[in-house]
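Here the structure comes first, spelled out in structure tokens, and everything after it is commentary.
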Amino acid sequence: MNDLNQPLDDVEIDRLERFLLDRVDEYADYEEMDEGIFDIATLDGFFTAIVSGPITIPPSVWLPVIWGDFEPEWESEEAFADIFTLLIRHMNNISQFLMEFPEDFEPLHYARIVDDQVYTIVDEWCEGYQMGMALSTNQWLSGGQEMTALLAPILAFTSITEWRGHELADAEAEVIRQAIAPNVRAIHAYWLARRDEFSPATATVTRDAPKVGRNEPCPCGSGKKYKKCCLH
């Protein structure tokens with residue numbers, strides 16, 4: 001596949017997610033180590049923030065965040081190129097939707113069915129978005145109160161606010177969830193209009209709060225491990 005603007009199909013999405021997950025041994029004890037990004041929803045949020053933000057973030061900055069402390073051992077250059085192409089195609093597809101068809105853009109959220117009721121799980125996506133913002137924190141902060149308001153629904157379901165969205169009544173939490181997609185579109189438009197204000201720069205990766213490990217309790221409150229709950 002040479003067309004880097006071709007969206008990933010379902011098989012390719014599944015293959016990319018499985019690759020992200022399988023590169024870390026789930027039975028090993030990696031306390032205090034950074035597992036990077038290991039699911040497609042977090043990756044989708046991460047890339048959405050990167051293509052929506054105030055400055056261009058090169059692969060040399062965002063790729064190490066995906067791997068964390070567990071960069072894969074590549075069998076060949078072709079093996080790396082295969083996965084890297086999937087990553088670039090997914091990022092480009094997000095960018096294309098936000099640039100050309102913003103009203104059609106929707107975050108890639110997980111869903112869970114309980115007693116025949118479908119629940120949208122936004123935590124992974126929002127956490128990924130926050131990780132993407134952290135690659136150019138100072139520039140994002142220049143958005144002031146307007147940007148703070150637009151980001152509020154996203155950050156309500158991240159570790160940076162201790163997932164305060166889950167402390168709300170169900171109806172109020174759902175209103176906030178529904179605000180995520182339109183706010184993401186507005187954020188992209190906001191920074192697109194201001195891109196000329198920022199000169200190209202390589203940002204330092206920072207993290208204000210630790211990511212949720214796969215073996216830690218899921219922040220949704222189910223009592224299950226993260227890898228067995230919202231992750232799937």
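The figures follow:
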quantity	calculated
In segment 99-114, residue modelled with the lowest pLDDT [restricted to those that are surrounded by fewer than 18 Cβ atoms within 10 Å (Cβ to Cβ) and in contact with a strand residue (DSSP E or B) (Cβ under 8 Å, 6 or more places away or on another chain)]	ILE113
Output for segment 153-176, where each listed residue is within 15 Å of the chain's Cα centre (by Cα) and assigned to a helix (DSSP H, G or I)	PRO153, ILE154, LEU155, SER159, ILE160
Among the residues listed as PRO59, PRO153, PRO54, PRO72, the single one being open to solvent by less than 30 Å² (accessible area, probe 1.4 Å) and without any contact (Cβ under 8 Å) to a residue 40 or more places away in the chain	PRO153
Pairs with Cβ under 7 Å, 6+ apart, first in segment 179-198 and touching a residue at least 12 places away in the same chain (Cβ under 8 Å) and in a helix (DSSP H, G or I), second open to solvent by less than 40 Å² (accessible area, probe 1.4 Å) and among the hydroxyl-bearing types (Ser, Thr, Tyr)	VAL184/THR48; VAL184/SER52; ILE187/SER52; HIS188/SER52; TRP191/SER52
Residue ID - modelled with the highest pLDDT, chosen from residues in segment 173-198 that are open to solvent by 50 Å² or more (accessible area, probe 1.4 Å) and more than 17 Å from THR120 (Cα to Cα)	ALA189
Among residues of segment 117-132, those that are part of a helix (DSSP H, G or I) and aliphatic (A, V, I, L, M), counted	1
Failed item, numbered, when ASP10 is tested on (1) open to solvent by 20 Å² or more (accessible area, probe 1.4 Å); (2) touching a residue at least 60 places away in the same chain (Cβ under 8 Å)	(2)
Unmet criterion (only one of (1) hydrophobic (A, V, I, L, M, F, W, C); (2) in contact (Cβ under 8 Å) with a residue 60 or more places away in the chain; (3) touching a Pro at 6+ places or on another chain (Cβ under 9 Å)) for ILE121	(3)
Residue match in segment 115-132 (condition: under 11 Å from GLY53 (Cβ atoms), of a type outside the set (Gly, Ala, Ser), under 17 Å from the mean Cα position of the chain (by Cα) and open to solvent by 20 Å² or more (accessible area, probe 1.4 Å))	no
Positions within segment 78-98 being free of Cβ contacts under 8 Å to residues at least 40 places away in the same chain and open to solvent by 50 Å² or more (accessible area, probe 1.4 Å), in sequence order	GLU78, PHE80, ASP82, PHE84, PHE97
Filter result for the condition that a residue is at pLDDT below 95 and either in contact with a His (Cβ under 9 Å, 6 or more places away or on another chain) or in a helix (DSSP H, G or I) (or both), over LEU21, LEU43	LEU21
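The values are calculated or read from the model by the stated rules, or taken from the named source; none is laboratory data. Every value quoted in this text rests on a predicted model; they were computed, and no experiment measured them. Here Cβ is always computed from backbone atoms with ideal geometry, including for glycine, and neighbour counts include all displayed protein chains. We work out accessible area using only protein heavy atoms, side chains counted, and drop any ligands, DNA or RNA first. Shrake-Rupley method; radii C 1.70, N 1.55, O 1.52, S 1.80 Å.
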